[in-house]
1. List every residue pair whose Cβ atoms sit under 8 Å apart, with the two residues 6 or more apart in sequence or on different chains, where the first one lies in region 61-72 and is charged (D, E, K, R) and the second, anywhere, is part of a loop (DSSP other than H, G, I, E, B).
2. Would you call residue 265 farther than 23 Å from residue 36 by Cα and part of a loop (DSSP other than H, G, I, E, B)?
3. Only one of (1) touching a helix residue (DSSP H, G or I) at 6+ places or on another chain (Cβ under 7 Å); (2) buried (at least 18 other Cβ atoms within 10 Å of the Cβ) fails for residue 246. Which number is that?
4. Just checking, does region 331-338 include any residue being touching a Phe, Trp or Tyr at 6+ places or on another chain (Cβ under 8 Å), closer than 22 Å to residue 39 by Cα and surrounded by fewer than 19 Cβ atoms within 10 Å (Cβ to Cβ)?
5. Within region 59-83, which residues are surrounded by fewer than 23 Cβ atoms within 10 Å (Cβ to Cβ) and in a loop (DSSP other than H, G, I, E, B)?
6. Kindly indicate the residue of region 196-230 that is small (Gly, Ala, Ser) and assigned to a loop (DSSP other than H, G, I, E, B) and also farthest from residue 256 (Cα to Cα) among those meeting that condition.
7. Got at least one residue in region 290-304 being of a type in the set (Val, Ile, Thr) and in contact with a His (Cβ under 6 Å, 6 or more places away or on another chain)?
Amino acid sequence: MSVKENFENAKAQYEKWGGVSVEDVFQKLKQVPISIHCWQGDDIGGFEETDQELSGGIEVTGNYPGKATTPEELRSDLEKALSLIPGKHKINLHAIYAETDGKFVDRNELEPQHFEKWVNWAKEHGLGLDFNPTLFSHPKAKDGFTLAHPDKEVRDFWIQHCIQSRKIGAYFGEELGQPALTNIWIPDGYKDIPSDRLTPRKRLKESLDEIFAADVDETLNVDAVESKLFGIGSEAYVVGSHEFYMGYALKNNKLCLLDTGHYHPTEMVSNKISAMLLFNDRIALHVSRPVRWDSDHVIILDDELREIGLEIVRNDALDKVMIGLDFFDASINRVAAWTIGTRNMIKSLLYALLMPNDHLKKLQEEGNFTDRLALLEEFKTYPFGAIWDYYCEQMGVPVQEKWLDEVKEYERNVLSKRNS
């Protein structure tokens, strides 16, 4: 049978449940932008005019050929990935992706003009942009501390960098007609058990207060703060813990960003979403896949990713959760990594939108756990793939694994010709 015939059969199965309209599902899904991280394409190298090595507890493993080494190459690779992913999305940049025309510009001096080429490219392709100050891989972060550093001069440097980053985010928002999310994550912490946990957190709070005191239009730039449980070199203590940032975000009307790799292996971010939404108008996600630790594997359509999609959809939170991705695998084709991960994120939302969520909620409230469990298990083998294939076809991107042929062709014609 054709893609359309398979779709019609699958559509009838889903729509026998009241309240499920596949056409309405497609319309909703089209409106959800995923913020795709640029750093998968070059292993978080960036384009600074320095030879600074990756640091701050971040590791990228693998040496697959074809890594982007220039802004033009990175944008070309992103264009290829975007052509294989249904929908219109955003690109998430770090400060190290500034373009300074061969001149050294330190991070506390970055200006919107250093991202003008990114903005022009985003306009050309109908994309939004998000932003992150880069508080790692820098001489002033070599001892593992930035905004919570004991040295005020070091703190002031990073405070200014974050203020400049918020201004760059507002520039993105003004130029592109959609707000940029500017997210602050820091590596600050201790390798071994500290004697004083409070003082560094006081310094971090004071630094954040100063950063957010700078006047930046909140309709153009949305501020977020991101926690972490531990990192390489900060195994015993991280200043910016979940509790710290959850409290700070609530008190200061900022978004709390939850990275799926930044918690204990038995903690599920899907379980946090509904609790956070009771007390926050919006939250943000960085979706990654930890394997035993914050290893940032490419996301797969596993139980947790499906549950994240379900928690967003069944709680009517598609406009309340800003979804971004954050993985970096240098052991496989990087364009394929973007494509696999982003398509899976969208699949999880489609899977959730097709569920008769109101009926399942009703069964739970009635205490009918037998029917609820039985249906949840049956839906796992419903013809979801036929709906996804038709959505891809309607959105003008390859169906099933046909996208992989295009990636292989791009690798032969473009990536293989680059210096490794």
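The values are calculated or read from the model by the stated rules, or taken from the named source; none is laboratory data. All figures in this text were calculated on a predicted structure; none of them were measured in a lab. Cβ coordinates were reconstructed from backbone atoms using ideal geometry, including for glycine residues, and neighbour counts include every protein chain displayed.
1. Correct list of pairs: 67/42; 67/43; 67/45; 67/330; 67/418; 67/420.
2. Values: farther than 23 Å from residue 36 by Cα: yes; part of a loop (DSSP other than H, G, I, E, B): yes.
For residue 265, the condition - farther than 23 Å from residue 36 by Cα and part of a loop (DSSP other than H, G, I, E, B) - is met.
3. (1)
4. Looking for residues that are touching a Phe, Trp or Tyr at 6+ places or on another chain (Cβ under 8 Å), closer than 22 Å to residue 39 by Cα and surrounded by fewer than 19 Cβ atoms within 10 Å (Cβ to Cβ), one finds at least one in region 331-338, hence yes.
5. Listed by number, the residues that qualify are 59, 60, 61, 62, 63, 64, 65, 66, 67, 69, 70, 83.
6. Step one: of region 196-230, the residues small (Gly, Ala, Ser) are 207, 213-214, 224, 227.
Going one step further and asking which of them are assigned to a loop (DSSP other than H, G, I, E, B), we end up with 214, 227.
On the way: 214: 19, 227: 8 Å.
Across region 196-230, the extreme among qualifying residues is 214.
7. Step one: list which residues in region 290-304 are of a type in the set (Val, Ile, Thr), which gives 291, 298-300.
From the residues that got through so far, the ones that are in contact with a His (Cβ under 6 Å, 6 or more places away or on another chain) too are 291.
For region 290-304, residues of a type in the set (Val, Ile, Thr) and in contact with a His (Cβ under 6 Å, 6 or more places away or on another chain): present.
Table: residues versus (1) modelled with pLDDT of 95 or more; (2) surrounded by fewer than 23 Cβ atoms within 10 Å (Cβ to Cβ); (3) over 20 Å from the mean Cα position of the chain (by Cα).
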site	(1), (2), (3)
93	yes, no, no
105	no, yes, yes
116	yes, yes, yes
120	yes, yes, yes
126	yes, yes, no
129	yes, no, no
